[in-house]
Amino acid sequence: MRWSSMSIKPVLRMGDPALLEVAQKVEAFNTPELEALIRDMHDTMEALNGAGLAAPQIGVGLQVVIFGVKRNPRYPDAEEVPYTVLVNPVLTPLTRTMEQDWEGCLSVPGMRGIVPRFANVRYQGSDQHGESIDRSVDGFHARVVQHECDHLEGILYPMRINCCGNLSFQISSILKPEQASCCASNCARWRALRFPLSTMICAVSR
Ligand SMILES: [Zn+2]
């Protein structure tokens, strides 16, 4: 595809309230609107070298995610993930085992975090034509689908991080994922900071 014919959309950044909303189900398949949305998402993800993108990230509150990894400079050690369009996804963890690893997000530019995710998940849904998809996956494939589906619930990866010490600018890769759960003093400080804050927000909104 020529650059001039691509449709690259601005990606919303953390802080935009639209990223915190719950996305609506897609009711109609094979429509020009859905095709245009998926083309926009594809071109935007390709242009920004992302591993995945969710419709809310370009300001569309529908349950549509895309993902796929060939050789991606953002994830140099990641295995390949087939390019997938996933509509109205349902995720089911297949294990209670969590794995910690680095993630980035086009809505949180310049930062990386060590995020706990289920090691194995099943995902069901359909493609843009309404054809059903049902896969059980692990590794980076499981991680990327959990990250993208979180966007449909209004969840950004920093909200999944156990400890503030596991969030970093991209310049630093000092932390190793296996160190992520051993910073107990940081975690205690993080919890101490977070809970009074959420209590305050509840009190204000009452
Ligand atoms: Zn993201």
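The values are calculated or read from the model by the stated rules, or taken from the named source; none is laboratory data. These figures come from a predicted structure and were not determined experimentally. Note that we place each Cβ from the backbone using ideal geometry, even for glycine, and neighbour counts take in every protein chain shown.
Things worth noting here:
- Qualifying residue in the range 51-60 (condition: of a type outside the set (S, T, N, Q), part of a loop (DSSP other than H, G, I, E, B), touching a strand residue (DSSP E or B) at 6+ places or on another chain (Cβ under 6 Å) and surrounded by 21 or more Cβ atoms within 10 Å (Cβ to Cβ)): yes
- Screening Ser4 against (1) at pLDDT below 95; (2) touching a helix residue (DSSP H, G or I) at 6+ places or on another chain (Cβ under 9 Å); (3) among the small types (Gly, Ala, Ser) leaves a single unmet condition, (2).
- Of the residues making up the range 99-114, those that are within 16 Å of the ligand (Cβ to nearest atom), buried (at least 18 other Cβ atoms within 10 Å of the Cβ) and either closer than 22 Å to Thr44 by Cβ or not β-branched (Val, Ile, Thr) (or both) are Asp101, Trp102, Glu103, Gly104, Cys105, Leu106, Ser107, Val108, Arg112, Gly113.
- For Ile38: the one exception among (1) part of a loop (DSSP other than H, G, I, E, B); (2) farther than 21 Å from Met111 by Cα; (3) under 17 Å from the mean Cα position of the chain (by Cα): (1)
- The residues listed here are Leu48, Leu86, Leu91; of these, the one that is under 19 Å from Ala18 (Cβ atoms) and touching a residue at least 12 places away in the same chain (Cβ under 8 Å) is Leu48.
- Some residue of the range 45-60 being on the phi > 0 side of the Ramachandran plot, modelled with pLDDT of 95 or more and more than 14 Å from the chain's Cα centre (by Cα): yes
- Residue count, the range 21-37 (criterion: touching a helix residue (DSSP H, G or I) at 6+ places or on another chain (Cβ under 9 Å) and either at pLDDT below 95 or aliphatic (A, V, I, L, M) (or both)): 5
- Odd one out for Thr92, checked against (1) in contact with a helix residue (DSSP H, G or I) (Cβ under 6 Å, 6 or more places away or on another chain); (2) within 18 Å of Val145 (Cα to Cα): (1)
- Search result, residues across the range 45-64 that are aliphatic (A, V, I, L, M), closer than 19 Å to Ala28 by Cβ and away from the ligand (no atom under 13 Å from the Cβ): Val60, Leu62, Val64
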